[in-house]
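The values are calculated or read from the model by the stated rules, or taken from the named source; none is laboratory data. None of these values were measured; they are calculated from a predicted model. Cβ placement follows ideal geometry from the backbone for every residue including glycine, while neighbour counts extend to all protein chains displayed.
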Amino acid sequence: MWSLIFSHDMLGFIDGSIKQPRENINVSNTKYLEWKRSDVLVQGWIFGSLSEGVMKTVVNELIALQVWLKLRNKYGPVDRPSATATISKDRNNKGFNKYIPLRRAIQMGDWKQAQEFINRDKDALTAKLNLEGHRALHFAIRNHKNIPILENLLNQINPELLPTLVDRYGLTVLQYAVTVNNSLAVQKLVEKNPSLLFNYGASPLKYAAVYSDRITCLYLVRKCKEHISLVKEGHQNPFDSRPTLHAIISAGYIDVAYELLKDYPKLAGENRSDFGRILYSFAQKSDAYPSAKRYNFYQKFVYTRVPANNYSLGDTCKFPDIENQETKKVNHVKWKSCIYIVAKKIIVKFWDVLLHVPHIKHLHEEKVEHNSSLAMLKFISEEAGKLENRGYETYEKALMLAMENNIPEVIEHITGLFPESLKTFKDKRYSLLQLSVINRCENVYKFLVPEIMYNSDLREKLILWHDFNNILHLAGKLAPLEKLNMVTGAALQMQRELQWFQEVNKLLQPNERTQKNAENETPSMVFRKEHEDLRQKGEEWMKKAADSYTITAALIITIVFAAAITVPGGNNQDTGKAIYKTKPSFIIFIVSDAISLFTSTTSLLMFLSILTARYSYEDFLYKLPKRLIFGLVMLFLSVTTMLIAFGSTLYIMSGQDNLLILVPIAALTCLPIASFVTLQLPLLADLISSTYGHGYFRERSELSCLQSHED
């Protein structure tokens, strides 16, 4: 944006050098109108680059300068000098053109030409080569393939000068390498001068949390620990900066933050505000906890057995300490110890091999992140619980955000240490449990219900009434759009809403389920009114699906019925029996054809029953999904057996003397079957899982229990 404004020579509108006319400010004043048009143009350029959320913070500012300053103060790095502070000095500097050959040589990776230029002008090694204040090192760092050029430049530059090579924005070469995520350049620069890790402004570690990957961030953490003695007076110690830890957590590098916090526990905070901010950071990372994952059976099996630490069994495989069993004989102890040592080595080697398999490696990385998140969350919560003077600000914002993000792990730790937090209300209106129903946060709901239902005082206060609406009235309201869109198809969305209503209904007494609110409506009346549009969409979706499948089933019936009449090979003219009736291939044909006819007819009747259903609200819970599931299963069987019958016919007619023809027939028969399964199985799986499985309110995953056990 700064480049755009600079290229149109309008920097005065954001650096304050072009003042707003103060005399005769009115619509007829030409000078004022010219200034206003230009200022509005600059505002438009800035507004055009903003997201909707950021736009709301500056849309009411009157002039471009106010917009620019507010954005810079809120989002600009605190250590960067003003982008316009040195504009007037550099704007008229025409000496950069002579460095064009050097810049081009570095960018093209031509060290020979660059060396010749540097030999002619020694100052070019450290001089500014463009308006942005970039040096030769900056250009070498920008291109990730220029590592040999970077090494040659570092060999010729005095390492003590590296901290002084800053660009217009005050970034050192190490900070610049971090912002462009050049991990090799970061390593070379740190090896050359470790003091680059510590400077007067924001540390490179904080920049790494924002701009770089996890490996670079972890590398900088370890190097900062190694060279912490190089911190000088006036320099910033990254391990004394809580914003650095917050930035690492917000970036999702939980294992990096965990390693940092193990050695520097004071980074967690010292007062209520500090702990509140870091708990809030944890509540932002919903994907850092086991509850956010929906693993299938195989993934869950691997996840529960994969090592929790990086390529090490760690605490996941504990072997008995045989040597401490004094009651055993010494030789027996040694013998069993050897067995356990050998077994442990075999298991370690086994996992070392398996962790190179991509999907197992991915599950391992997720488990490491989950363990780190839970360990850090437990540590932070316990430290916050030690505060003598604690209040709502310690946990309130984090609690509400964890509820919105559906993270029961955060809520469990907070409510465990702060039991009074269960009584937290948002805007003095809705309790946590009510909010979990309104926002359809099933993980939080499943955690809160046992906590509240066993406490009669809490139940009366947090479940029953607010503005004459009990919690079932709230469940009757339509779910937020983003929650509805998590389910594909209006019919399944309607089913999900009915499941919520049915589940919340279990919390109330029979007389409470029919109580009326201020508008004289029962919960059922609220549900019907709120979901009428969704019911109509669900009916339309069901009818379109059933109509399409009906056509398919009818075609299959026609085909297999005709095939049953005109059997392959024909009939004996004297007896009327099939000529090949004793052949195994013919038996396969006739059985497959019969099964295909019966199953396709059954599926057709099922889809017809869907087309003629009443489509009441309750039908979407079980009746309609069950019919669609059964119809799809029957249709799949009919397609499969029809193709088997067709393959048998081909073999009878042309392949009895050539067994090799079975191979292409079988391969081609599998093609449409595989296509049908690939395209229709996801819908069938969703229907079965939602209707017959645990559904939306399945029991808490074993993963969370496993994590707690390992902690």
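Filtering Leu478, Leu399, Leu484, Leu435 for residues that are surrounded by 23 or more Cβ atoms within 10 Å (Cβ to Cβ) and either modelled with pLDDT of 80 or more or out of contact with any helix residue (DSSP H, G or I) (no Cβ under 6 Å at 6 or more places or on another chain) (or both) leaves a single hit, Leu399.
Matching residues to (1) assigned by TED's automatic domain parsing to the domain that holds Tyr617; (2) free of Cβ contacts under 8 Å to residues at least 60 places away in the same chain; (3) acidic (Asp, Glu); (4) over 23 Å from Gly631 (Cβ atoms):
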site: Ala490; (1), (2), (3), (4): no, yes, no, no
site: Phe501; (1), (2), (3), (4): no, yes, no, yes
site: Asn505; (1), (2), (3), (4): no, yes, no, yes
site: Thr514; (1), (2), (3), (4): no, yes, no, yes
site: Glu519; (1), (2), (3), (4): no, yes, yes, yes
site: Arg528; (1), (2), (3), (4): no, no, no, yes
site: Trp541; (1), (2), (3), (4): yes, yes, no, no
site: Ala545; (1), (2), (3), (4): yes, no, no, no
site: Ser548; (1), (2), (3), (4): yes, yes, no, no
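Please verify whether Tyr99 is touching a Leu at 6+ places or on another chain (Cβ under 9 Å) and hydroxyl-bearing (Ser, Thr, Tyr), treating the condition exactly as stated. So Tyr99 fits the description; yes. Taking the numbered list (1) touching a Ser or Thr at 6+ places or on another chain (Cβ under 8 Å); (2) modelled with pLDDT of 75 or more in turn, Arg429 passes all entries but (1).
Among the residues that make up region 594-606, is at least one of them assigned by TED's automatic domain parsing to the domain that holds Leu681, at pLDDT 90 or above and touching a Lys or Arg at 6+ places or on another chain (Cβ under 6 Å)? There is at least one residue in region 594-606 that is assigned by TED's automatic domain parsing to the domain that holds Leu681, at pLDDT 90 or above and touching a Lys or Arg at 6+ places or on another chain (Cβ under 6 Å). Could you tell me whether any residue of region 375-394 is modelled with pLDDT under 80, closer than 24 Å to Asp263 by Cβ and not in a helix (DSSP H, G or I)? Yes, there is a match, as at least one residue in region 375-394 is modelled with pLDDT under 80, closer than 24 Å to Asp263 by Cβ and not in a helix (DSSP H, G or I). Selection of first residues in region 37-61 that are in a helix (DSSP H, G or I) and of second residues that are of a type in the set (Lys, Arg), restricted to Cβ pairs under 9 Å at least 6 apart or on distinct chains, gives the following pairs, ordered by first then second residue: Val54/Lys74; Thr57/Lys70; Thr57/Lys74; Val58/Lys70; Val58/Lys74. Taken as a whole, the condition of being surrounded by 17 or more Cβ atoms within 10 Å (Cβ to Cβ), within 17 Å of Asn405 (Cα to Cα) and either among the hydrophobic types (A, V, I, L, M, F, W, C) or at pLDDT 75 or above (or both) does not apply to Lys300. Screening the candidates Lys328, Lys361, Lys344 for the property of being at pLDDT 75 or above, surrounded by 13 or more Cβ atoms within 10 Å (Cβ to Cβ) and of a type outside the set (Val, Ile, Thr) yields one hit, Lys361. Do the conditions hold for Val221, that is, is it crowded, with 21+ Cβ neighbours inside 10 Å, under 30 Å from Tyr280 (Cα atoms) and touching a residue at least 12 places away in the same chain (Cβ under 8 Å)? It is true that Val221 is crowded, with 21+ Cβ neighbours inside 10 Å, under 30 Å from Tyr280 (Cα atoms) and touching a residue at least 12 places away in the same chain (Cβ under 8 Å). For region 551-560, the set of residues classified as at pLDDT 90 or above and surrounded by 21 or more Cβ atoms within 10 Å (Cβ to Cβ) consists of Ala553, Ile556, listed by residue number.
The rows are residues; the columns are (1) assigned to a helix (DSSP H, G or I); (2) touching a residue at least 40 places away in the same chain (Cβ under 8 Å); (3) assigned by TED's automatic domain parsing to the domain that holds Ile215; (4) crowded, with 20+ Cβ neighbours inside 10 Å.
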site	(1), (2), (3), (4)
Asn155	yes, no, yes, no
Pro163	yes, no, yes, no
Asp167	no, no, yes, no
Gln175	yes, no, yes, yes
Asn181	no, no, yes, no
Gln187	yes, no, yes, no
Glu191	yes, no, yes, no
Leu196	yes, no, yes, yes
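Restricting attention to region 441-449, does a residue exist that is at pLDDT below 85 and polar (S, T, N, Q)? Taking every residue of region 441-449 in turn, none turns out to be at pLDDT below 85 and polar (S, T, N, Q).
Any residue at all in region 111-125 that is assigned to a loop (DSSP other than H, G, I, E, B), assigned by TED's automatic domain parsing to the domain that holds Thr179 and either of a type in the set (Val, Ile, Thr) or in contact (Cβ under 8 Å) with a residue 40 or more places away in the chain (or both)? No; the residues of region 111-125 include none that is assigned to a loop (DSSP other than H, G, I, E, B), assigned by TED's automatic domain parsing to the domain that holds Thr179 and either of a type in the set (Val, Ile, Thr) or in contact (Cβ under 8 Å) with a residue 40 or more places away in the chain (or both).
Looking at Ser28, is it of a type in the set (Gly, Ala, Ser), in a loop (DSSP other than H, G, I, E, B), farther than 15 Å from Gln66 by Cβ and at pLDDT below 75? Considered against the rule, which asks whether it is of a type in the set (Gly, Ala, Ser), in a loop (DSSP other than H, G, I, E, B), farther than 15 Å from Gln66 by Cβ and at pLDDT below 75, Ser28 comes out as yes.
Given the structure, is Met634 modelled with pLDDT of 80 or more and in a helix (DSSP H, G or I)? Criteria met by Met634.
In region 517-537, the condition of being more than 23 Å from Leu481 (Cα to Cα) and either among the hydrophobic types (A, V, I, L, M, F, W, C) or in a helix (DSSP H, G or I) (or both) is met by at least one residue. Considering only region 405-449, state which residues are under 23 Å from Val526 (Cβ atoms) and not in a helix (DSSP H, G or I). Within region 405-449, Phe425, Lys426, Asp427, Lys428, Arg429, Tyr430, Ser431, Asn439, Arg440, Cys441 qualify.
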